[in-house]
Amino acid sequence: MMKFNELKAGDFVIVNNEGDLKQGEITAINTNEKQICVNNGTQDFWYELDQLSPIPLNEEQLLKLKFTKQINADGTVKYLKGAFRMLLPTEGNFSKFEIWYRDEKRHIMQPIFVHQLQNHFLDMTKVHLNEAAFS
């Protein structure tokens, strides 16, 4: 289950609307009612936390977020978005990796979800990670 305090406006999640799963973007959060408003591409709807699922971080999601991919001679893979970098030990291995922006570096020691990467990106760059960031 996702943690309510990890979610921010602009984060991407999967919503379950009576069995219909869609990826959407959080547009608002009601902390009093513990509800999250998500735009599914057409309109905004309010959801309970148990109706949301995280999106696993993988190459497909990074490419949707407009990262560029660089395969290095030593077998490592670097994803780039502006000055933000992400280095995987091997292609497709998102279990442990490094991220950095300018002189700040973080070691991620377990698989994370897209909204968690968005939170790291925001914390480090002060810009919310979406398709348009640094384009």
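We did not get these values from a lab; they are worked out from the coordinates using the rules stated. Just so you know, these numbers come straight off a predicted model, no measurement behind them. Every residue, glycine among them, receives a Cβ derived from its backbone with ideal geometry; neighbour counts consider all protein chains shown.
With springs connecting C-alpha atoms under 10 Å apart, model the chain as a Gaussian network and identify which of ASN72, ASN119, ASN93 has the largest mean-square fluctuation. For the chain, modelled as a Gaussian network with Cα springs under 10 Å, the answer is ASN72.
Neighbour counts of C-beta atoms inside 10 Å place VAL127, VAL114, VAL38 in the sequence VAL127, VAL114, VAL38, starting with the fewest.
Shape annotation for the range 59-125: C-alpha extents along the principal axes are 30, 23, 22 Å, from largest to smallest. Among ALA83, ALA28, ALA73, whose mean-square fluctuation peaks in a Gaussian network model of the chain (Cα, cutoff 10 Å)? Checking each option, the largest mean-square fluctuation is seen for ALA73. The amide H of ILE29, built 1.01 Å from its N in the peptide plane, has CYS37 as neighbours under 5 Å, considering only residues 5 or more places off or on other chains. Considering all C-alpha pairs of the range 4-53, those separated by over 16 Å amount to 24%.
Pairs exceeding a 30 Å alpha-carbon distance, out of LYS34/LYS81; LYS34/LYS105; LYS34/LYS69; LYS34/LYS96; LYS34/LYS78; LYS64/LYS96: LYS34/LYS81; LYS34/LYS105; LYS34/LYS69; LYS34/LYS96; LYS34/LYS78. Highest mobility in the GNM of the chain, judged by mean-square fluctuation with C-alpha springs under 10 Å and restricted to MET124, MET109, MET86, is found for MET109.
Relative to the longest principal axis of the Cα atoms of the chain, helix 114-125 runs at roughly 60 degrees. Summarising the label geometry, the points placed 7 Å from Cα in the beta-carbon direction at LYS64 and THR27 lie 1.8 nm from one another. The Kirkwood hydrodynamic radius of the chain, based on inverse pair distances between different Cα atoms, is 15.6 Å.
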